[in-house]
Amino acid sequence: MEQKKLTCICCPLGCQIIVELENGEVISVSGNTCKRGEDYAGKEVIAPTRIVTSTVKVIGGSAPTVSVKTKADISKNKIFDCIRALKEVEVQAPIKIGDIILSNVVDTGVDIVATKGVEVI
């Protein structure tokens, strides 16, 4: 049996979690104080994911860039591909919070959305 130790990032408590694995499957999770920690730990050791935040270039806006993020978490092994794709994106102002900036980024099924508004100049 294999054991992995993690620090939970779901809330400010930062629980020290121990995940026991057997044949690549989660057998038990301990050390968490809430259900979110248990869910996080199981997912983190099998298929870790993250929310990606970045910026993209704005044309004709009151700011040169707009902050963006993935609408949902994506596989950690797709993060650098996602960032490379965002470097190629330019959007026209105006932009509102929640606008879809890029659909289905790197074939993840997840959209990139604006997290800030940018007015036209």
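Only the coordinates and a few stated rules stand behind these numbers; no lab work does. In this text the structure is predicted, and so the values were computed from the model without any measurement. We place every Cβ from the backbone using ideal geometry, glycine too, and count neighbours over all the protein chains shown.
Observations, loosely collected:
- Calculated [θ] (222 nm, deg cm²/dmol) that DSSP helices of n ≥ 4 give over the chain, each run adding -39,500 (n - 2.57): -5000 deg cm²/dmol
- Annotation note: GluC sites (Glu not before Pro) in segment 16-117 located in DSSP loop regions with a Cβ neighbour count of at most 14 within 10 Å are Glu88.
- Residues Lys78, Lys69, sorted so that the one with the fewest Cβ neighbours within 10 Å comes first: Lys69, Lys78
- Beta bridges from DSSP with both residues in the chain: antiparallel share about 90 percent, rounded to the nearest 5.
- The lysine pair tally for the chain, using Cα distances under 12 Å and a gap of 8 or more places or different chains, is 4.
- Under 5 Å between amide hydrogens, built in the peptide plane, is the criterion, and for Ile74 it picks out Arg50, Ile51, Val52 among residues at least 5 positions away or on other chains.
- Two-decimal Rg/Rh across segment 2-47, once Rg and the Kirkwood Rh are taken from alpha-carbon atoms: 0.93
- Three-way shape label, segment 17-79, alpha-carbon gyration tensor, a/c 1.5: prolate
- Farthest towards the positive end of the charge dipole of segment 2-47, among the residues Cys15, Tyr40, Ser28, is the Cα of Cys15, using unit charges on the Cβ of Lys, Arg, Asp and Glu.
- Under a 5 Å amide H cut-off, with hydrogens placed 1.01 Å from N, Val68 pairs with Ser54, Thr55, Val56, Thr115 among residues at least 5 apart or on other chains.
- In order along segment 60-72, phi translates into HN-Hα couplings of x, x, 6, 9, x, 9, 10, 6, 9, 8, 6, 5, 9 Hz, rounded to whole numbers, per the Karplus curve 6.51 cos²θ - 1.76 cosθ + 1.60 with θ = phi - 60° and x for Gly and Pro.
- Relative contact order [Cα under 8 Å, 6+ residues apart], the chain, whole percent: 19 percent
- Taking amide H positions as modeled 1.01 Å from N, with prolines and chain starts lacking one, the residues under 5 Å from Val91 and 5 or more places away or on another chain are Lys57, Val58, Ile59.
- Alpha-carbon spread of segment 53-114, three principal axes, descending order, Å: 34, 19, 15
- Over the chain, the alpha carbon radius of gyration divided by the compact-protein estimate 2.2 N^0.38 Å works out to 1.35.
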